[in-house]
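Taken together, the values in this text are just the output of simple stated rules run on the coordinates, not laboratory data. Note that the coordinates shown come from a computational prediction; the quantities given were computed from them, not determined experimentally. Here the Cβ positions follow ideal geometry from the backbone for every residue, glycine too, while neighbour counts run over all protein chains shown.
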Amino acid sequence: MSFNNISFRVRYSETDQMGVVYHGNYAQYLEMGRVEWLRDTGISYKELEENGIMLPVISLSLNYKKSAFYDDLLTVETTLKKTPSVKIEFDFVIYNEKREIIAEANTVLAFIKMENKRPIRCPKYLLDLIEKRAKK
């Protein structure tokens, strides 16, 4: 399926006393990857929410392979795992500048109608954008 890459430098505030990226920050890195994947597909989280749809994370798995440090240039590769239904699933690989794998992860999010907090199927307009992106 389609993928997207984003790169950024680790900020000092994201590290612990040893200069290593604190493990809790990786969830934010994954979110950055998902947000940019959606934007690159043609829609933003903000637009989804304006259309009454939330995307809460219902599952997150993360395997740390190597430490990342202050000022490292990290790249998050975000891949849509399969065509979404009521859920949308992404795989991630986080690399450092040397293209060493820092972490591998997976998240599953559910499409929730904000009005009643109930699960819904992936909106057709998003499926259309995903299909269009796959043809690029």
Loop-resident trypsin sites (Lys or Arg not before Pro) in the stretch 4-83 with no more than 16 other Cβ atoms inside 10 Å, DSSP not H/G/I/E/B, are Arg11, Lys65, Lys66, Lys81, Lys82
Flagged as over-length at 30 Å C-alpha distance, from Lys87/Lys135; Lys65/Lys113; Lys81/Lys113; Lys46/Lys87; Lys82/Lys117; Lys46/Lys98, the pairs are Lys65/Lys113; Lys46/Lys98
Using modelled amide H (1.01 Å from N, peptide plane; none on Pro or chain starts), what sits under 5 Å from the amide H of Ile58, excluding residues fewer than 5 places away? Val108, Leu109, Ala110
Taking only DSSP H segments of four or more residues, each worth -39500 (n - 2.57), what value at 222 nm results for the chain once the sum is divided by all its residues, to the nearest 500 deg cm²/dmol? -7500 deg cm²/dmol
Cα-centred dipole magnitude for the stretch 3-134, charges only on beta-carbon of K, R (+1) and D, E (-1), debye, nearest 20: 460
In a shell of Cβ-Cβ distance under 13 Å around Gly19, excluding Gly19 itself, what net charge do Lys and Arg (+1) and Asp and Glu (-1) give? -3
Kindly identify the chain as rounded, prolate or oblate by the Cα gyration tensor criterion: order the square roots of the eigenvalues as a ≥ b ≥ c, call it rounded if a/c is under 1.5, otherwise compare a/b with b/c, prolate if a/b is larger, else oblate. prolate
Under Karplus coefficients 6.51, -1.76 and 1.60, residue-wise ³J(HN,Hα) of the stretch 103-118 in Hz, glycine/proline x: 7, 10, 8, 8, 10, 10, 10, 10, 7, 10, 6, 4, 4, 10, 6, 10
Show me, for the stretch 50-66, the HN-Hα J-couplings you get by feeding each phi into the Karplus relation (A = 6.51, B = -1.76, C = 1.60, θ = phi - 60°), rounded to Hz, glycine and proline as x. 5, 8, x, 10, 10, 10, x, 6, 10, 7, 9, 10, 9, 10, 7, 10, 8
Give me a comma-separated list of calculated 3J(HN,Hα) values for the stretch 19-30, in order, Karplus coefficients 6.51, -1.76, 1.60 applied at θ = phi - 60°, integers in Hz, x for any Gly or Pro. x, 9, 4, 5, 4, x, 6, 5, 4, 5, 4, 5
Of Leu73, Ser44, Gln28, which is farthest along the charge dipole of the chain in the positive direction, counting Lys and Arg as +1 and Asp and Glu as -1 at C-beta? Ser44
Amide hydrogen neighbours beyond the local backbone of Met114, cut-off 5 Å, H modeled: Ile53, Met54
Classify the stretch 26-66 from the C-alpha gyration tensor, please: rounded if a/c falls under 1.5, else prolate or oblate depending on whether a/b exceeds b/c. oblate
